[in-house]
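The values are calculated or read from the model by the stated rules, or taken from the named source; none is laboratory data. Since the structure is predicted, the reported quantities are computational estimates derived from the model, not experimental observations. Every residue, glycine among them, receives a Cβ derived from its backbone with ideal geometry; neighbour counts consider all protein chains shown. Quick note on the areas: whole protein, heavy atoms, side chains included, nothing else; ligands and nucleic acids left out. Shrake-Rupley method; radii C 1.70, N 1.55, O 1.52, S 1.80 Å.
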Amino acid sequence: MPLVCLTDFREHAREHLSKSTWDFIEGGADDCCTRDENMAAFKKIRLRPRYLKDVSKVDMRTTIQGAEISAPICIAPTGFHRLAWPDGEMSTARAAQAASICYITSTYASCSLEDIVAAAPRGLRWFQLYVHPNRQINKQMIQKVESLGFKALVITVDVPKVGNRRNDITNQVDLMKKLLLKDLGSPEMGNVMPYFQMSPIDPSICWEDLSWFQSMTRLPIILKGILTKEDAELAVKHNVHGIIVSNHGGRQLDEVPASIDALTEVVAAVKGKVEVYLDGGIRTGNDVLKALALGAKCVFVGRPILWGLAYKGEHGVKEVLDILKNEFHTSMTLTGCRSVAEINQDLIRFSRL
């Protein structure tokens, strides 16, 4: 039977991945309240369709940081793609290139950056950075991604300490040493995890440090993990180029707002001075439309990409993206939106249910 929605890919991945891998991918922090609310919050928003608007032609194209993408549906940074498929991030990059969308490559990629770029040399790629305590290592990494043609630096700000992920604790998983060696194979298989990727994240990083990163690169700097107007205002004050509203898929601090619920506050705070994106809970084309109606320039998809990888590698990711794009096209058509620019807050209302 064909897989026709993202939930189908989730069930297939759950059935075919090892328990430790599945628990790692799906796990959230503590009681997983925020992980689950990321999806449930979308269902509290209802659409207000407008008709008789000539939707014979619907254009999903938009731009992020000045680069055109085929639809406002891109790939969020997630680590260790070889857990789901042997070619890992290389397959993900190929699918993103074929779909003409952006792929944010994680610091914790399980393929080398050189191999990822070689697999999809024409793809639009950003790099997600976990800040290392050693400034020289950060500098070397930034210089490397610049030389490889990455177009933006995405600094994750919500991991001064790894969240309390009970699944990993229950499975006694030391991600860096046990899960990777077990599922990805022995070090003889190649440069699976460079030293940088197995190293700690700097808990001392603060707003004042952003100027150092800005002095190191000409790439636009995006902050990932912002949830409040206060931090959004500080991001603008410190001259960043974009914000990804995100709670790390509910994997960091539990009982924070769902990403879609935090989006309005952040969009209002930046006053159009920087682009705002969203990740967390995107499962349908309607979800994409709702996020854009509330002010997101683009959404980034996390776990469903790994489900697609687990299904058929590059082709599975392509299927996931195609489903989301087709659903989004349907959502635009049935709400009377002929272009992304026509999507606005008049199209939605919040349900009391």
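Data overview
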item	result
Relative contact order of region 199-353, defined on C-alpha pairs under 8 angstrom at six or more residues apart (%)	17 percent
Highest average packing first - 229-236, 261-268, 88-95, Cβ atoms within 10 Å	88-95, 261-268, 229-236
Heavy-atom accessible area order for VAL317, VAL58, VAL162, largest first, 1.4 Å probe	VAL162, VAL58, VAL317
The chain: relative contact order as a whole-number percent, Cα under 8 Å and 6+ apart	29 percent
Solvent-accessible ranking of LYS161, LYS224, LYS318, largest area first, probe 1.4 Å	LYS161, LYS318, LYS224
Accessible area expressed per residue, the chain, with surrounding protein chains retained (probe 1.4 Å, Å²)	44 Å²
Residues with amide H under 5 Å from that of CYS102, placed H, sequence gap 5 or more	ILE75
Distance from region 230-260 to region 80-111 (C-alpha centre basis), Å	24 Å
Pairwise centroid distance, computed over Cα atoms, of region 1-26 with region 263-308, Å	23 Å
Structure-derived Cα extents along the principal axes in Å: which label, when the choices are (1) 72, 41, 37; (2) 67, 53, 31; (3) 62, 52, 41	(3)
Placed amide H near ILE201: partners under 5 Å, 5+ positions off or other chain	none
Surface share of carbon and sulfur [accessible, 1.4 angstrom probe, percent] for the chain	52 percent
Using θ = phi - 60° and Karplus 6.51 cos²θ - 1.76 cosθ + 1.60, couplings along region 238-245 (whole Hz; Gly, Pro as x)	8, 6, 6, 9, x, 9, 9, 5
Whole-Hz couplings from phi, Karplus 6.51/-1.76/1.60, listed for region 303-311; x for Gly and Pro	3, x, 5, 5, 4, x, 4, 5, 7
Hz values of 3J(HN,Hα) by residue in region 312-329 - Karplus curve (6.51, -1.76, 1.60), Gly and Pro given as x	8, x, 3, 5, x, 5, 4, 5, 4, 5, 4, 4, 4, 5, 5, 5, 5, 4
Solvent-accessible surface ranking, highest first, for HIS12, HIS241 at 1.4 angstrom	HIS241, HIS12
Flagged links, alpha-carbon separation over 28 Å, of LYS224/LYS290; LYS139/LYS290; LYS161/LYS290	LYS139/LYS290; LYS161/LYS290
Protection proxy ranking of 302-313, 135-146 - average other beta-carbon atoms within 10 Å, highest first	302-313, 135-146
